Amino acid sequence: MIGRLALVSALLLTACRAPAVTPYADAGRATPGDEIVVCGERFATGAPVVLWFEEPRYDAYSTEPRFADDGPRGLRYRPGRRVDDEHLAARVAARGWTRNTLADAVDLFVLHYDVCGTSRTCFEVLHDRRELSVHFLLDIDGTIYQTLDLVDEAWHARQANPRSIGIEIAQIGAYPREESEPLETWYIHEDGGVRLQVPFRYGDGGVRTPHFLGRPARRERITGEIQGEKYEQYDFTPEQYDSLVKLTATLARVFPHLELDAPRDASGAVRTDALSDDELRRFRGILGHYHVSEDKRDPGPAFDWEAFLAAARAR
Ligand SMILES: [Zn+2]
């Protein structure tokens with residue numbers, strides 16, 4: 001036991017490299033804890049966090065598929081991060097990645113929804129089948145799954161990957177009115193309002209909270225524009241907002257260049273379209289995937305940017 005602790009301490013003192021087999025899976029930790037892992041160090045969030053080496057092991061370091069046995073084998077992430085800045089590259093070359101070099105490299109947090117509905121299906125689709133990765137999955141009950149150390153580059157938002165941390169928020173998503181059938185499948189109306197319903201074929205959906213009763217934070221369906229197109233969507237659950245706020249506040253503390261704001265237009269409203277390459281290069285803060293790519297609409301018009309940002313700043 002002491003040998004293992006000494007090993008962990010030694011690793012924390014030197015440059016960090018997140019290995020495929022983690023050295024800091026400490027025995028006896030209650031699952032879930034509330035800590036995320038950044039360069040081998042742990043930071044408390046106040047929200048439930050399950051790490052990649054804990055059950056159900058949403059482990060982006062694994063080159064094997066987790067659920068889809070017939071899925072491809074191979075790497076799903078980039079060890080460390082790609083850096084263009086020569087000074088930063090020199091510091092990394094000299095010492096390896098440290099929390100300081102990482103904090104200089106990372107200044108974006110990209111929000112996605114997963115179009116899968118729950119985090120288990122998301123991990124199967126993203127990791128097992130599409131050979132992609134994202135640092136965090138946020139399930140409907142507010143559980144955060146961290147799939148790899150933030151020192152490593154996940155494959156979730158193309159050109160923003162080297163600078164960003166990514167999160168997939170579990171939700172079936174936003175649709176044009178004439179294609180909104182998935183909303184009828186995933187949300188049912190009852191006397192008490194609107195309720196999330198994981199379709200029968202997914203069983204319990206892998207949701208950690210037994211018999212979780214999920215409701216959108218706002219009961220009415222939200223209509224709004226993204227990239228100039230109109231979409232309908234239900235809001236995320238209060239449990240998801242609560243965990244996202246706590247996680248975001250922690251990230252802003254760990255990454256000083258990550259500003260608690262989103263891209264805004266001339267009137268001060270959060271933008272509903274993609275940034276140009278130049279605008280993206282200059283921006284530091286929180287982005288929807290649609291801010292990065294013109295062909296994306298997540299996290300959709302129902303995502304309550306102002307309430308989210310205000311709550312994250314307040315923490
Ligand atoms: Zn996305």
*What number goes with the only condition from (1) within 30 Å of Ala105 (Cα to Cα); (2) touching a Phe, Trp or Tyr at 6+ places or on another chain (Cβ under 6 Å); (3) within 16 Å of the ligand (Cβ to nearest atom) that Asp152 does not pass?*
(3)
_Pairs, first in contact (Cβ under 8 Å) with a residue 40 or more places away in the chain in the stretch 276-292, second among the acidic types (Asp, Glu) and within 11 Å of the ligand (Cβ to nearest atom), C-beta under 8 Å, six or more apart_ = Gly288/Asp298; His289/Asp298; Tyr290/Asp298
*Kindly check whether there is at least one residue in the stretch 105-114 that is modelled with pLDDT of 95 or more, in a helix (DSSP H, G or I) and out of contact with any strand residue (DSSP E or B) (no Cβ under 8 Å at 6 or more places or on another chain).*
yes
*Test result for Gln233, of a type outside the set (Lys, Arg), within 16 Å of the ligand (Cβ to nearest atom) and under 26 Å from Phe43 (Cα atoms)*: no
*Among Leu196, Leu137, Leu111, Leu150, which is over 19 Å from Pro79 (Cα atoms), touching a His at 6+ places or on another chain (Cβ under 8 Å) and in contact (Cβ under 8 Å) with a residue 24 or more places away in the chain?*
Leu111
*Given (1) surrounded by fewer than 23 Cβ atoms within 10 Å (Cβ to Cβ); (2) touching a residue at least 60 places away in the same chain (Cβ under 8 Å), where does Val92 come up short, assuming only one miss?*
(2)
*asked:* Can you say whether Arg297 is farther than 30 Å from Thr101 by Cβ and among the basic types (Lys, Arg), as far as the supplied structure shows?
replied: yes
*Total residues in the stretch 276-302, condition closer than 13 Å to Arg158 by Cβ and within 16 Å of the ligand (Cβ to nearest atom)*: 10
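The values are calculated or read from the model by the stated rules, or taken from the named source; none is laboratory data. No experiment lies behind these values; they were computed from the predicted model shown. Reconstructed Cβ throughout: ideal geometry from the backbone, glycine too, with neighbour counts over all protein chains shown.
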